Structures are given as C-alpha cells and as structure tokens.
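Accompanying notes for the structure given below.
The values are calculated or read from the model by the stated rules, or taken from the named source; none is laboratory data. Computed from a predicted structure; not experimentally measured. When we count neighbours, we look across all protein chains shown, and the Cβ atoms used for this are built from the backbone with ideal geometry, even at glycine. Just so you know, the surface numbers come from the protein's heavy atoms only, side chains and all, with ligands and any DNA or RNA stripped out. Shrake-Rupley method; radii C 1.70, N 1.55, O 1.52, S 1.80 Å.
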Amino acid sequence: MAITLSASDIPSPPLSARISTPQVWGIVLLTPYLLVFLAFVVYPVCYGLWLARHPASYVALYHDPIFARAAVNTLIFLVIGINFKMLVALFLSGFFAQQRPWIKWLSVLFILPWAVPSIPTILSVRFMFNPEWGVINTLIFKLTGEDGPNWLNDPTVALTMAIGVHIWKSLPFWTLILLTGRLAIPHDLFEAAEVDGASWWQKFRFITWPSMQMLYITCTLLSMIWTLGDFNSVYLLTGGGPADLTHVLATLGIRYLRLDQLSLAMASIVCALPFVLPLMYFMMKRLSR
C-alpha cells in the first residue's frame, strides 16, 4: 500500500542548511553597515520629519520674511552659481586636456581649493575682506590713501561673494570629472576632423559636446543637489548677514536653532525637498538609461 505525502508534510531543512557559508559571511559583514545606515541616516531623517510635522510651523515660515528671502537667495545661488560653474568647468576641461608639461603642474595648483578643507579656505577669504585689517582693504589704503569698503555689509555683494566662493571651491572637482569625459573621447575623431579642416568650434559642437552631453547634464543635476546642501559657502563667509539677508535654505535652520525654534528649523529644511526630490528622480532616470 503506497503512502503519498503532500509538500506540507515534508519537513523543511534547517536554516543553517539553506544558507551557505558565503551568504552567512555576507550577512555578518553587511550588518554593521546596515546598523550605521539606520542610526545615522534613517533615524535622523525620520526624526526630523516628525519634528516638522506640525502645519503651524509652515504657516510661521510663510509669514517670516527671512524665509522668503532665503528661498529667493537659494534660487539665485542655484541658477547663477551652478550654470556658471559648469560652463567654466566644461571649457577648463578642454584646457587641461592639452598634452603640455606645464599644464600638469598648473593642474596641481588648480585643484588645491577643492582639496583643502572648507573651514580654513573660506575663513581665509573672509579675513582677506575684513574692513579693518583685511589684506584687500590694506592694499587699497596703500594705493589710494582711502579706506576700503565694508565688503560683507552689502547683501548683494555678500551673496555674490558667497556664490563666487562656492564656484572657486567646487570648480576643480567638476573640471576633473569633465576632463575624464573628454579624455574618453577617441582621438581618431579629432584627427579626422582636422583632416577635413574643421575649426575648434566645429570639433566641440559635433564631437566633444555630443560625447559629453550625458555626463554634463548628470553632473549638473548632481551639482544642484549638492549645492542645495552647501552650508559652508554662505555660513562661514557671511553668517547669513547682514541682517539675515544672505541666508539660503541650507543655513536658515541654524538661525531658527539660535532662536530655540527647533520645529521651524526642521520645517525650513523639509521645504527644500520639493527641489531635491525631482532632481534625484531625473538624475536616477538618466543614469538608468
């Protein structure tokens, strides 16, 4: 007499038999990184969203003129700073792609602002423009006999200088990224264009730009995401002043923390998400192609 057993009646092997030794080691080595990610990424983000959950915080932000000014400053920072920076990086990548010995030494000096930490570099710029003992005003006094202006006391000049510091600090990195894209273009294409008598503009338009367009757009989107979180360029140079008129969304939270308004600080950061999430979506969409 035959006895038939269903699949549910067959005992399943123990967990140790179903997981191989490499899989066990993979879980063991992955666990610390997962715990760090949960503790330092997931928990702070969730806690910040919980603190910013009250609708009254956003109503208070709407009625705060400093928040409106910070939002406008952020848009100016993005539109001017990123486009100018990426265009200059694109053409500088062509300059540093030349095969000349002195360009290699110049590239080492060019990359120093990005390689050196932000605090000493940006504070050194702030000290240079100090109205009393800064090197710029000291030089103006020696040349003209008159005192130099208080550079950071004008909101327009202060924000312009903050944008300039951001460009100066991050330009070497994006130039290096675009330089690698240029060097990946086959040199045979340029040699064939030279034989046909193409100018430098025609080489750039029909060879360089089509080959680097995807990289350039991806770098621009990534730069916009990072620039939205650029805290150092504004806070270390101007501190948000004068009169809190040069704040951006990345630094406005510190102002509210000083005023002991934690919910407003978190809400001001959450307000940047409508800028960040679409940029991340378009960037990931392009990278997945």
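Listed values, structure above:
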{"item": "Cβ-Cβ under 7 Å pairs, at least 6 apart or on other chains, region 115-135 side of a type in the set (Val, Ile, Thr), far side in a helix (DSSP H, G or I)", "result": "THR121/PRO113; THR121/LYS169; ILE122/VAL165; ILE122/ASN232; ILE122/SER233; VAL125/VAL165; VAL135/MET128"}
{"item": "Boolean, ASP230 is in a loop (DSSP other than H, G, I, E, B) and either open to solvent by 30 Å² or more (accessible area, probe 1.4 Å) or among the hydrophobic types (A, V, I, L, M, F, W, C) (or both)", "result": "no"}
{"item": "Pair list, Cβ < 7 Å and 6+ apart or interchain, from region 199-222 residues that are without any contact (Cβ under 8 Å) to a residue 40 or more places away in the chain to residues that are assigned to a helix (DSSP H, G or I) and surrounded by fewer than 16 Cβ atoms within 10 Å (Cβ to Cβ)", "result": "LYS203/PHE190; ILE207/LEU189; ILE207/PHE190"}
{"item": "Residue list for region 229-249, filter: among the hydrophobic types (A, V, I, L, M, F, W, C) and either modelled with pLDDT under 85 or over 16 Å from CYS271 (Cβ atoms) (or both)", "result": "VAL234, LEU236, LEU237, ALA243, LEU245"}
{"item": "Residue among THR175, THR138 that alone is over 29 Å from ALA89 (Cα atoms), hydroxyl-bearing (Ser, Thr, Tyr) and modelled with pLDDT of 85 or more", "result": "THR138"}
{"item": "Members of region 84-113 that are free of Cβ contacts under 8 Å to residues at least 12 places away in the same chain, surrounded by 14 or more Cβ atoms within 10 Å (Cβ to Cβ) and over 24 Å from SER211 (Cα atoms)", "result": "none"}
{"item": "Residues of region 58-71 satisfying the condition of being assigned to a helix (DSSP H, G or I) and more than 27 Å from the chain's Cα centre (by Cα)", "result": "VAL59, ALA60"}
